[in-house]
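These notes concern the structure reproduced below.
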Amino acid sequence: MTPDQINTVAQALVKAEESGIPCGLISLANPDMTLDEAYAVQDAFVAAKMARGLTRIGWKIGLTSRAMQQALNITTPDSGVLLSDMVFHTGDTIPAGRFIQPRIEAEIAFFMKTDLAGADTTREDVLNATDHVAPSLEILDTRVLRADPETGRPRIIYDTVADNAANAGVVMGAEKHAPDAFDLRWCGAIVQRNGVVEETGLGAGVLNDPPTGIVWLVQRLAQYGRGLSAGDIVLSGSFIRPLEAPSGTQINADFGPFGRVDLSFA
């Protein structure tokens, strides 16, 4: 893809978000695009948002579970950027029309106290650089159609990555824990939608250990001379399948001793 093509797609994503009408499959219009080009579109989309006054506050890691990777026929996670208009808190109500087709995932959020960079980053480095961890929900949204209406072809990894890894929001729980206070592999959640338990999962579903997702992200960013910054929020990856959350949905995520997150959609 040429720089002009990349910017054109990024602007289409901006327009889709503003209008609430998803754009067509990026991979269908650009059948030869590569994963690097998909990340270039993501960068251009994020840059367009930041040009309008938003700031980067962290990162999300997606597609960390084996089931989600198999569904998209991939063997690696993906990542997206958290922006300053994406933060919500437990107990909040999402205004009607705020998102196009929101879905919910349960995650452990890491709050960084120091910068972290380098291809040789280890799990111990991640824990040493983390100020605290907290229960959280990620709000996914899609600025790209989930499937092409004419061919029925579904989105693929290039569409998802270009679309900022389907990232739209983060909902923070009130609890804060030292990164070594819990065995994060055994931290999980019981997630109810409108009073019905829809999903349960454990942190081990995230690459066997949530800090492993952070290691992957730092090592990926190192390829581009980038890293994490002190103050960043990093969503380490979901350990449940995405739950549809249309208007009128109530979400309650019980993380046991780790905390809880509650959210409503008007």
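Does Val81 satisfy being under 30 Å from Thr34 (Cα atoms) and surrounded by 23 or more Cβ atoms within 10 Å (Cβ to Cβ)?
no
Checking the condition in contact with a Ser or Thr (Cβ under 8 Å, 6 or more places away or on another chain), within 18 Å of His132 (Cβ to Cβ) and in contact (Cβ under 8 Å) with a residue 40 or more places away in the chain, which residue from Ala222, Ala230, Ala266 passes?
Ala230
If you scan segment 177-207, which residues turn out to be surrounded by 13 or more Cβ atoms within 10 Å (Cβ to Cβ) and of a type in the set (S, T, N, Q)?
Listed by number, the residues that qualify are Gln192, Thr200.
Can you tell me which residues in segment 146-170 are part of a helix (DSSP H, G or I) and in contact with a strand residue (DSSP E or B) (Cβ under 6 Å, 6 or more places away or on another chain)?
Within segment 146-170, Asp159, Val161, Asn164, Ala165, Ala166 qualify.
Out of segment 187-196, which residues are farther than 10 Å from Ile108 by Cβ and touching a strand residue (DSSP E or B) at 6+ places or on another chain (Cβ under 6 Å)?
Looking only at segment 187-196, we keep the residues that are farther than 10 Å from Ile108 by Cβ, and these are 190-196.
Scanning segment 187-196 gives Ile190, Val191, Gln192, Arg193, Asn194.
Evaluate segment 21-28: report whether one residue or more is surrounded by fewer than 18 Cβ atoms within 10 Å (Cβ to Cβ), among the small types (Gly, Ala, Ser) and closer than 29 Å to Asp115 by Cβ.
No; the residues of segment 21-28 include none that is surrounded by fewer than 18 Cβ atoms within 10 Å (Cβ to Cβ), among the small types (Gly, Ala, Ser) and closer than 29 Å to Asp115 by Cβ.
Run Ala134 past the list (1) of a type in the set (Gly, Ala, Ser); (2) in contact with a strand residue (DSSP E or B) (Cβ under 6 Å, 6 or more places away or on another chain); (3) modelled with pLDDT of 95 or more; (4) exposed (fewer than 14 other Cβ atoms within 10 Å of the Cβ) and report the number of the one that doesn't hold.
(4)
The values are calculated or read from the model by the stated rules, or taken from the named source; none is laboratory data. Since we're looking at a predicted model, the values are computed, not measured. For neighbour counting, all protein chains shown are included, and Cβ atoms are generated from backbone atoms with ideal geometry for every residue, glycine included.
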